[in-house]
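The block underneath contains the structure these notes are about, expressed in structure tokens.
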Amino acid sequence: MADETIAVVGAGIVGLATAREIALRRPGTRVVVLDKEREVAVHQTGHNSGVVHAGIYYRPGSLKARLCTRGAAMIREYCEDRRLPLAACGKLVVAVTDDELPRLEALYATSLENGVPGLRRVEAGGIHEIEPYATGLAALHSPRTAVTDYTAIARSFARDVVDSGGEVRLGFPVTRVTRRTGGGVEVASGDETLRADRLVLCAGLHSDTVARLAAPGRGRRGDGDEPRIVPFRGEYMRVVPSRAPLVRGLIYPVPDPRYPFLGVHFTRRVDGSVEVGPNAVLALAREGYRRSDVDVRELARLARFPGTWRLAREHWRTGVKEMRGSLSVDVYMKAARAYVPALGPADVVRGGAGVRAQALGRDGSLLDDFVIHRTDGVTAVRNAPSPAATSSMAIAEHLADLVLGDTRAT
């Protein structure tokens with residue numbers, strides 16, 4: 001319908017990519033992006049490491065695997081077309097102990113099934129050819145893995161939305177969503193309202209709270225209530241400029257399936273700087289970028305949710321280890337030096353931090369794949385962890401298929 005209005009809550013990269021895709025696919029549709037902040041890409045997008053992932057880690061057949069592979073190609077093409085920063089610096093996934101070698105082989109098989117371009121296995125000597133200061137027993141080399149500036153991409157997406165006749169309405173914190181008789185919704189921010197025929201929620205750190213506002217029959221347990229978002233702060237160290245040349249690209253560990261997070265790694269940014277990290281410590285606020293950021297209501301909410309305690313029982317040792325690294329640069333860099341022994345505590349300074357919106361089930365499980373819920377004209381992205389930025393344009397295609405009723409979505 002030419003006069004149809006579709007609202008998208010969230011001006012991060014996924015929300016903006018989705019609004020852009022809908023606006024381009026259905027000219028004449030009024031597309032409005034809503035966000036509580038005064039700028040786009042303030043939270044997860046603006047604190048992203050900038051990696052354009054190639055699809056190494058993700059379970060074959062999952063939404064992550066399918067959308068990452070396509071999304072990476074789309075991001076590369078978009079950056080080239082718009083002359084946005086993109087550097088194919090490559091990635092090494094390095095096994096440093098004997099017990100990691102079988103996991104590296106399994107990862108290799110997964111990568112091949114996911115169609116990771118140019119991937120090859122290298123032995124210790126090959127590691128040194130790619131990263132002269134790195135060490136390990138064997139590694140996977142992904143030469144097409146790249147880095148970019150996702151904030152710049154998000155701003156470009158916002159311009160595309162406006163150029164296509166849409167609107168990006170900032171300073172609009174969603175406080176109420178009302179289902180209208182006969183269809184559609186009314187989205188309110190205080191006394192200001194917007195009527196929309198369909199609603200897409202890409203609210204990131206606040207995805208569960210915004211989804212509950214929009215859930216029919218809200219208040220009944222399980223109806224719009226799960227999964228819950230648990231915020232994890234990821235803290236970075238920055239390698240001092242004189243030592244940054246010791247890392248050419250990206251150096252990652254082999255993931256341990258017993259633990260929910262990847263572990264610290266080395267990332268070269270598009271500006272040439274090198275970061276170490278992130279770790280993963282429980283944030284005490286949704287936007288808790290500093291250890292001093294505490295939201296008592298958020299802590300009470302976490303304490304009331306059974307999944308929080310089940311998660312703590314399962315992973316408390318990992319939590320203690322991550323907290324020790326958060327408090328001590330020496331402890332933080334001890335793990336990193338397993339991969340680049342020449343870089344120690346004297347070679348880094350504390351960098352920035354981001355907060356990851358991690359979806360948590362009532363049973364204490366950390367949801368790994370992208371999760372999308374749909375109810376009566378409302379499409380909600382309930383979990384979009386890494387590689388959501390890489391996959392953003394492919395996620396947008398998938399969401400547009402769902403929202404517009406196209407047949408490609410599965």
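The values are calculated or read from the model by the stated rules, or taken from the named source; none is laboratory data. This one's a predicted model, so the numbers in the text were calculated from it and none came from an experiment. Here the Cβ is made from the backbone with ideal geometry for all residues, glycine too, and neighbour counts use every protein chain on show.
Might you let me know whether the range 53-72 holds any residue that is in the same structural domain as VAL168 (by TED's automatic domain parsing), out of contact with any Cys (no Cβ under 9 Å at 6 or more places or on another chain), at pLDDT 95 or above and aliphatic (A, V, I, L, M)? Break it down stepwise before answering.
Pass one, the range 53-72, residues in the same structural domain as VAL168 (by TED's automatic domain parsing): none.
The answer is no; no qualifying residue exists.
So how many residues does the range 282-308 have that are out of contact with any strand residue (DSSP E or B) (no Cβ under 8 Å at 6 or more places or on another chain) and of a type in the set (Val, Ile, Thr)?
Total satisfying the criteria: 2.
For GLU287, only one of the following conditions fails: (1) more than 30 Å from VAL94 (Cβ to Cβ); (2) more than 21 Å from the chain's Cα centre (by Cα). What is its number?
(2)
Against the definition (hydrophobic (A, V, I, L, M, F, W, C) and under 29 Å from VAL348 (Cα atoms)), how does PHE305 come out, yes or no?
Spelling it out, it is not the case that PHE305 is hydrophobic (A, V, I, L, M, F, W, C) and under 29 Å from VAL348 (Cα atoms).
If only one of ILE75, ILE22 is assigned by TED's automatic domain parsing to the domain that holds GLY184, part of a helix (DSSP H, G or I), β-branched (Val, Ile, Thr) and touching a strand residue (DSSP E or B) at 6+ places or on another chain (Cβ under 6 Å), which one is it?
Working: ILE75 fails: assigned by TED's automatic domain parsing to the domain that holds GLY184.
From the options ILE75, ILE22, the qualifying one is ILE22.
Can you confirm whether ARG159 is touching a residue at least 24 places away in the same chain (Cβ under 8 Å) and of a type in the set (Lys, Arg)?
No: the conditions fail for ARG159.
Checking the condition in the same structural domain as GLY184 (by TED's automatic domain parsing) and not aliphatic (A, V, I, L, M), which residue from GLY377, GLY361, GLY352 passes?
GLY377
So, of the residues in the range 313-325 that are touching a residue at least 24 places away in the same chain (Cβ under 8 Å) and over 21 Å from TYR236 (Cα atoms), which turns out to be surrounded by the most Cβ atoms within 10 Å (Cβ to Cβ)?
Result: HIS315.
Which residues, counting only those in the range 271-292, are part of a loop (DSSP other than H, G, I, E, B), of a type in the set (A, V, I, L, M) and closer than 15 Å to TYR236 by Cβ?
Correct list: ALA280, ALA283.
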